[in-house]
Structures are given as structure tokens and as C-alpha cells.
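In what follows, a structure is listed as C-alpha cells, so that the remarks can point back to it.
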Amino acid sequence: MSKVESASQKEPKFSRRSALGAVLVSTLAVLRNWWRGTPAQAGFPVIPEHVTPQTQAAIEYGLKWLVSQQMTDGGFGRQGSYARNVGVCALAGTAFLSQRGMTGAYRRSIQECVRYLLGRAQENGFIVEQEVRTHATLYGHGFATMFLGQVFGESYDPRVREVLKAATQLILNLQNGQGGWSYTSDPQDADVSITTCQLLALFSARQAGIGVPREAIERSVEFLKQAQNEDGGFRYRLDDPPESLFPRSAAAVVALTCAGLQEDEVVKRGRDYLKQPHPPLELSPGQLAEYHFYGRFYATHAAWQAGKPEWDRWYPLVRDELLAQQSTSGAWHDANIGDEYATAMALLVLQFPYGNVPLLAIR
């Protein structure tokens, strides 16, 4: 595993400044509509396009179920391979953030997620559950880092900054010679899925003001470019057969767009691939159930980044699908990782139009 240069002191390209500017513009628009007497009146929040009353009810129902599953230590899950998993906790926390940020109705649950993750931070910067039951610990670390970056951007809590800085440096230290990330020190083992997760963590840290060398981003971008297949999708590893898969291809498109390649040919080809018809098993729960919510999350972000025409096509489809899949308890189901994970991911998708998480608002 290669070591990377020390963090750059230059202003990050992907800072919270641009996100705050977008918030200011949105606020002015709301005030203008209020002045004209349109439905955005006297303190009532504007409901984004495509968010129906049924969607609002499903979000609230799902959030309440997710709160009910949080343990006294702030984590989620009592049993199974993903019990107390830091990644599941981080995704749940991000779903709470998506409601109205750290000042919303779920601020206490967010703080409990923060407490749990800070308590699982090791001296070397690694954020990991006490009893590791999976081989994918770097995924959990990546999602935890991503969440803490968004939290620090609002709270400026010095305890969060300390853990976030160490967690970010660990990710940088683990970047291999190919420019990607892997489960082991073998550079041939780097894969697209875990690389996109670490990239989003780095972008989140950058938004929070943590230094991330541009070289690290550029090397990972080159890795993803090399993984693109002729059909526009992405293979798992560079040495694997050129087999594309919808979920990881959506993740790669999101990461490359966040890196500033919105108009690059690699992103355009990736977006074209995502719009193609795909095998039913690739898009619905079943044999590939463990990738279902993962794919929906990244595909929704990719559609958001692509602009209004693609957003208008994609969001109503995924919205209606998720509304139909919600259980009577308010949860969504995933037999592999767990219902807390599935519910958090579904809530992230449904709440995308609100734009309350700066990382997920990047276009």
C-alpha cells in the first residue's frame, strides 16, 4: 500500500461554500414566492417537485421506524453479520440528516450516531465495530467518514474533527498503486465499488475543510476510467472480464461527477449505460438483493447530477417502486445486510429532492 503526500493547504474545490451558496439561492427563492403569495407561505417548507403526500408519509413512517431501532449505545442491529456495523449506523445518521440537517426533529438520533462512531474510532484512525463479522470493514469506515464529514460541516465539533481527520488520513494511506482501494494489500485486488465509497468519504472530508491532496483524487479517477467497459458500464476490477453491472456503474458515475468530470466523455457514456434497459434481476430484490438498495442510492444520485430531464424520468420511477416495497411497519427489507440498512438507503433516495445533505447535492 502506498503512502500519499501530506494534505494540501489550498482551498478545496468541493467546499461547503458552494453548497451554502445554493442554500442561499434556494432561501431567496422561497422568500420571493412568499412575497408573491404563492404556496410557499409564512414559514411553510416548500415541497420539492415529485414529492407527493404519499412520499412524505412514507418518509416520516420510515424515519420513525429507524429511530425505534437505535440501540442505547447509538448503534444499530442486535444480531447477524452487520450487528452494530459502523457503516449501517452512518447511513442511518445520513438519513436523519437528510430530513432537516442537525437542527431537525431527528437531531438527537444524529448525535447518538455520532457518539457511537466516535466511540468506535481507533488510534490509527480506523472506525470499526467492536466485533467484526464481515470482510468489508473498509466500507463501514468509508460511510462513517462520509457521515462525520457532513456532521462536522454543520457542528464544527472539535471531537468530530479530530476523528474525521484521522479517518481521512487512513483512507489516503490505504490507496494503492493503481489509485484505488481494496480489501487487502494486493494492488490487483482494488475494485470499483470500494473505491467509489472511499472517494465519497474524501469528498465529504473536503467539504468539511479537511485537506485531501488533489493527486489522490486524480489517481483514483484514472483507476475508474480504466475500469470502464465498451458499453459504458464498469467492471469490478481492472483485471476482471469486462462485465458491467448497474449498481457499481452508477456508483462510478457519481464519484467521477463529484470529481468534476460532469462533461467528460467517461461520465456521458456511463450515464447512457444507466439509461439502458437492464435485466430484471439486476434492478429488483431477489438473487441480487444485496445490491438493490445500493444501486438505487447511487442511481438516484447519478440522476440528480445529470440534470432535470433525467431526474424527471428517474425519480418518479424509483419513488413509486420504494413506496410499494415499504412494509406495514415502516421499514424496507434486506435479508443480507438488514432492515436498518435497507430503510436508511430507501430514505436517502426518497429525501434526495430536499437537498439537505451537501455531499448529495453535488452536481
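The values are calculated or read from the model by the stated rules, or taken from the named source; none is laboratory data. Not measured: the values here are computed from a predicted model. Here the Cβ positions follow ideal geometry from the backbone for every residue, glycine too, while neighbour counts run over all protein chains shown. When the accessible area is computed, the model is the full protein with side chains, heavy atoms only, and any ligands, DNA or RNA have been set aside. Shrake-Rupley method; radii C 1.70, N 1.55, O 1.52, S 1.80 Å.
Observations on the structure shown:
- Packing, taken as the mean count of other beta carbons within 10 Å per residue, orders the peptides 340-352, 135-147, 78-90, 227-239 from highest to lowest as 340-352, 135-147, 78-90, 227-239.
- Net length gained if the chain between ALA335 and ARG159 were fully extended (0.36 nm per residue, minus Cα distance): 59.9 nm
- Violating pairs (Cα-Cα greater than 20 angstrom) within the set LYS225/LYS308; LYS268/LYS308; LYS64/LYS308: LYS225/LYS308; LYS64/LYS308
- Solvent-accessible heavy-atom area per residue, rounded to whole Å², over region 58-206 at 1.4 Å: 38 Å²
- Separation of the ALA324 and GLU243 label points, Cα + 7 Å toward Cβ, nm: 2.8 nm
- The figure for LYS165 is an accessible area of roughly 110 square angstrom, using a 1.4 Å probe on the protein chains alone.
- Ranked order, GLU129, GLU321 - accessible area, probe 1.4 Å, largest first: GLU321, GLU129
- Protein accessible area in region 317-363, 1.4 Å probe - carbon and sulfur %: 52 percent
- For region 170-283, with all protein chains in place and a probe radius of 1.4 Å, 48% of the accessible heavy-atom surface sits on carbon or sulfur.
- Length gained on full extension, ILE47 to TYR183: 44.8 nm, using 0.36 nm per residue less the C-alpha separation.
- Here SER327 sits with roughly 50 square angstrom of accessible surface, probe radius 1.4 Å.
- Relative contact order for region 68-125, counting Cα pairs under 8 Å that sit 6 or more residues apart, in percent: 33 percent
- Furthest towards positive pole of dipole, LEU200, ALA167, TRP181, structure part region 154-204, Cβ charges: ALA167
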